[in-house]
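S.K.: Can you read through this structure? Questions will come right after.
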Amino acid sequence: VQLQASGGGLVQAGGSLRLSCTASGRTFSSYVMGWFRQAPGKEREFVAAVRWSDYTYYAQSVKGRFTISRDNTKNTVYLQMNSLKSEDTAVYYCAADRNLITSRIKDPYGYDNWGQGTQVTVSS
């Protein structure tokens, strides 16, 4: 599956952005879809993920502020980001994997497919 992320940009602290990730392929609905982010000089970190069943997972740092969702009819996963903080500044990547056990949902090495990344900058 090929992934194309979009929606990043510059926003003031407290603002909102919605990221989108569109996937190619017919079996999108069977994939676990995840969002990760990487700030300069830091490791890539888990943000959120959603299973085909719409079961969701979140990093503690974004819980209550970010919402992940998917539209299988459009082969697209979304990340709605509200109440943005300067520490949310990073390149955001979407990822997909078809056979991902729960214990690896938050592990970037568990995902076989990655999008190109979209920059999110939050100014304080």
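S.K.: Just to confirm a number: summing +1 for Lys and Arg and -1 for Asp and Glu over residues other than Lys74 whose beta-carbon lies under 14 angstrom from that of Lys74, what do you get? Don't jump to the answer; show the numbers that get you there.
M.R.: Working: positive: Arg18, Arg26, Arg70; negative: Asp71.
Cβ neighbours under 14 Å give a net charge of +2.
S.K.: Still on this structure: Averaged per residue, what accessible surface does segment 36-105 expose to a 1.4 Å probe, in Å²?
M.R.: Details: 3670 Å² over 70 residues.
Dividing the accessible area of segment 36-105 by its residue count gives 52 Å².
S.K.: Another one. So how much slack lies between Gln12 and Ser24, counting 0.36 nm per residue of separation and subtracting their Cα-Cα distance, in nm? Before the final figure, lay out each step's value.
M.R.: Details: separation 12, 0.36 × 12 = 4.32 nm, distance 3.24 nm.
1.1 nm is the gain from fully extending Gln12 to Ser24.
S.K.: May I ask you to list the chymotrypsin sites (Phe, Trp or Tyr not before Pro) in segment 17-73 that are in a DSSP loop and have at most 11 other Cβ atoms within 10 Å of their Cβ? Walk me through the numbers on the way to the answer.
M.R.: On the way: sites: Phe28, Tyr31, Trp35, Phe36, Phe46, Trp52, Tyr55, Tyr57, Tyr58, Phe66; in loops: Tyr31, Trp52, Tyr55.
Answer in residue order: Tyr55.
S.K.: With only Lys, Arg, Asp and Glu charged, each at its Cβ (+1 for the first two, -1 for the last two), find how big the charge dipole of the chain is about the Cα centre; round to the nearest 20 debye.
M.R.: On the way: 14 positive and 9 negative charges, 33 e Å.
Rounded to the nearest 20 debye, it is 160 debye.
S.K.: Residues in segment 79-112, backbone N under 18 Å from the label point at Ser124 (7 Å along the Cα-to-beta-carbon vector): list them, ranges by number please.
M.R.: The answer is 83-91, whose backbone nitrogens lie closer than 18 Å to the label point.
S.K.: Under 12 Å from the Cβ of Ser30, count the other residues' Cβ atoms, weight Lys and Arg +1, Asp and Glu -1, and hand me the total. Could the numbers behind the result be given before it?
M.R.: Numbers: positive: Arg26, Arg51, Arg70, Arg98; negative: Asp97.
Once all neighbours under 12 Å are counted, the net charge is +3.
S.K.: Further question: Is there a quick way to get the dipole size of segment 1-74? I mean about its Cα centre, with the Cβ of Lys and Arg at +1 and of Asp and Glu at -1; what is the value in debye to the nearest 20?
M.R.: On the way: 10 positive and 4 negative charges, 7 e Å.
Here segment 1-74 has a charge dipole of around 40 debye.
S.K.: Considering only the other residues whose Cβ falls under 15 Å of the Cβ of Leu84, what net charge follows from Lys and Arg at +1 and Asp and Glu at -1?
M.R.: +3
S.K.: How much of the DSSP beta bridge set in the chain is antiparallel, as a percent to the nearest 5? Could you put the intermediate results ahead of the total?
M.R.: Details: 36 of 40 bridges.
Expressed as a percentage, antiparallel bridges in the chain total about 90.
S.K.: Pop out the carbon and sulfur fraction of the accessible area of segment 45-124 as a percent, whole number, probe 1.4 Å. Numbers along the way, then the final one.
M.R.: Working: 1880 of 4100 Å².
C and S atoms contribute 46 percent here.
S.K.: Right, something else. Report the full-extension gain for the segment Asp107 to Thr56: residue separation times 0.36 nm, less the Cα-Cα distance, to one decimal in nm.
M.R.: Working: separation 51, 0.36 × 51 = 18.36 nm, distance 1.48 nm.
Extra length from Asp107 to Thr56 when fully extended: 16.9 nm.
The values are calculated or read from the model by the stated rules, or taken from the named source; none is laboratory data. Just so it is clear, the structure is predicted and the values come from calculations on it, not from any experiment. Counting neighbours? That spans all protein chains shown, and the Cβs are built from the backbone with ideal geometry, glycine included. The accessibility values were calculated without ligands, DNA or RNA, using every heavy atom of the protein model including side chains. Shrake-Rupley method; radii C 1.70, N 1.55, O 1.52, S 1.80 Å.
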